[in-house]
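A short worksheet on the structure shown next.
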Amino acid sequence: MSSRRVLHVITSLDRGGTEGFLAGLAPKLRARGIEQEIAVMVDGGDHATTLRDAGFVVHELGMSRGVPDPRGLLRLVRCMKAFNPDVVQGWLYHANLVAALVAAVSAPRARLIWNIRSVEMDPADYGWSLRLVVKLGAWLSRWPGAVVFNSDAGREAHQKLGFSPEKLQVIQNGIDTQRFRPLPDRRDSMRASLGLGEHAIAAAVIARNDPAKDLPGTITALDHAGGVTGVFVGTDTDKLDAGQHVVLGMRRDVPEILSACDMVVLGSKSEGFPNAVAEGMAAGLPAVATDVGDVSLIVGECGRVVPAEDSMALSAAIATMAQLTPGERAALGARARDHIERSFSMDVCVDRFAALYER
């Protein structure tokens, strides 16, 4: 059992892939004897409640998005000195820089680790401030003991951006296959609540409304797929102009929603390790996804992978999946779950983080 003390510094604890991953990882690290506290730059968020309910100390630093606030830095200084961590773990670009700055003053003997979850971004889709933060991260990337990515694609993209190659390593996400599992007894009631007809073919699209996710392109693909209904779940998806498709915004019952669907679809332009695909597969759904990040590795032989930014290729793959019989889709979904359990278990991921903290 470890006796390490780890302070996680993260931008927010709203509903999201990275935030949810940390909320799932922390209890499993604690079971290995790793004591942890969490400092969140932006107050609140569903995962802050989840972590507190699990017995973790969550420090809210009171910062506002996009607004530098020295008072938040002083709060982090105080909690870092009080906790006296062996490891300071940053999560995402802004929190990585904040963790580095404050650790240099308040915990100079602690090992600094950064975590980056994204891959290549189209600069036209994002503001100058984020581009500046990424450049600063590249410039300072020799500072941390390790820079962790959740995909090979992310590591390679950031090496091209100038991040120090000897510091870069990959720990792929682990999937909670107990939470994300087939729920056949929930299917009929959830389909009724979503307004899906008895014979409707439904495609789960689990993604925030962000340019990298290309949800408009996914809607176009679904519209040409011959009667397949998209079920969109994620931040601001309820603001989409989605026609006849179902838009739900942020929801807490994603496993139940997956049970109502017949496939999981990802139409992103850019990804690292897309949890939504792996979680949908763990729930027993075959996947249709664009070839971004580590998608090909995740999907394997359990679905169809098509070129990114090609809505017609995505549409054809969705239509092909829809034309399978229910039994054929179920068999493919069973293979998908088995693949995720064997290749992307949470236990393997936890082992690698624990080993990283012990170095």
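Listing for the model above:
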{"read-out": "Qualifying position, being within 23 Å of the chain's Cα centre (by Cα), open to solvent by 10 Å² or more (accessible area, probe 1.4 Å) and not aromatic (Phe, Trp, Tyr), among VAL105, VAL57", "value": "VAL57"}
{"read-out": "Selection from the stretch 15-49 of residues that are within 24 Å of SER118 (Cα to Cα) and open to solvent by 60 Å² or more (accessible area, probe 1.4 Å)", "value": "LYS28, ASP43"}
{"read-out": "Any pair with Cβ under 8 angstrom, 6 or more apart, that starts in the stretch 24-40 at a residue that is more than 14 Å from VAL348 (Cα to Cα) and without any contact (Cβ under 8 Å) to a residue 12 or more places away in the chain and ends at one that is open to solvent by 70 Å² or more (accessible area, probe 1.4 Å) and assigned to a helix (DSSP H, G or I)", "value": "none"}
{"read-out": "Residues of the stretch 230-272 that turn out to be in contact (Cβ under 8 Å) with a residue 60 or more places away in the chain, within 26 Å of GLY154 (Cβ to Cβ), in contact with a helix residue (DSSP H, G or I) (Cβ under 7 Å, 6 or more places away or on another chain) and not in a helix (DSSP H, G or I), as a count", "value": "10"}
{"read-out": "Qualifying position, being open to solvent by 20 Å² or more (accessible area, probe 1.4 Å), more than 30 Å from ARG111 (Cα to Cα), in contact with a strand residue (DSSP E or B) (Cβ under 7 Å, 6 or more places away or on another chain) and in contact (Cβ under 8 Å) with a residue 24 or more places away in the chain, among GLU309, GLU279, GLU341", "value": "GLU279"}
{"read-out": "Strands (runs of 3 or more DSSP E) contained entirely in the stretch 141-214, each with at least 1 residues that are modelled with pLDDT under 90", "value": "none"}
{"read-out": "In the stretch 184-193, the residues that are surrounded by fewer than 16 Cβ atoms within 10 Å (Cβ to Cβ) and either in contact with a strand residue (DSSP E or B) (Cβ under 9 Å, 6 or more places away or on another chain) or among the hydrophobic types (A, V, I, L, M, F, W, C) (or both)", "value": "ALA192"}
{"read-out": "Among the residues listed as LEU285, LEU248, LEU314, the single one being surrounded by fewer than 20 Cβ atoms within 10 Å (Cβ to Cβ), at pLDDT 95 or above and more than 20 Å from PHE21 (Cα to Cα)", "value": "LEU248"}
{"read-out": "Selection count where residues are open to solvent by less than 30 Å² (accessible area, probe 1.4 Å), more than 22 Å from ALA192 (Cβ to Cβ) and β-branched (Val, Ile, Thr), scope the stretch 208-236", "value": "2"}
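Quick grid of which residues meet (1) in a loop (DSSP other than H, G, I, E, B); (2) touching a residue at least 40 places away in the same chain (Cβ under 8 Å); (3) open to solvent by 50 Å² or more (accessible area, probe 1.4 Å); (4) out of contact with any Lys or Arg (no Cβ under 9 Å at 6 or more places or on another chain):
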{"site": "ARG75", "(1), (2), (3), (4)": "no, no, yes, yes"}
{"site": "ARG78", "(1), (2), (3), (4)": "no, no, yes, yes"}
{"site": "LYS81", "(1), (2), (3), (4)": "no, no, yes, yes"}
{"site": "PRO85", "(1), (2), (3), (4)": "yes, yes, no, no"}
{"site": "ASN96", "(1), (2), (3), (4)": "no, yes, no, yes"}
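Residue-wise test of (1) under 22 Å from ALA282 (Cα atoms); (2) surrounded by fewer than 16 Cβ atoms within 10 Å (Cβ to Cβ); (3) free of Cβ contacts under 8 Å to residues at least 24 places away in the same chain.
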position	(1), (2), (3)
VAL147	no, no, no
GLY154	no, no, no
LEU161	no, yes, no
ASP176	yes, no, no
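The values are calculated or read from the model by the stated rules, or taken from the named source; none is laboratory data. These numbers were taken from a predicted model, which means no experiment stands behind them. Heads up, the Cβs are rebuilt from the backbone with ideal geometry, glycines too, and the neighbour counts pull from every protein chain shown. Note: areas computed on protein heavy atoms with side chains; ligands, DNA, RNA excluded. Shrake-Rupley method; radii C 1.70, N 1.55, O 1.52, S 1.80 Å.
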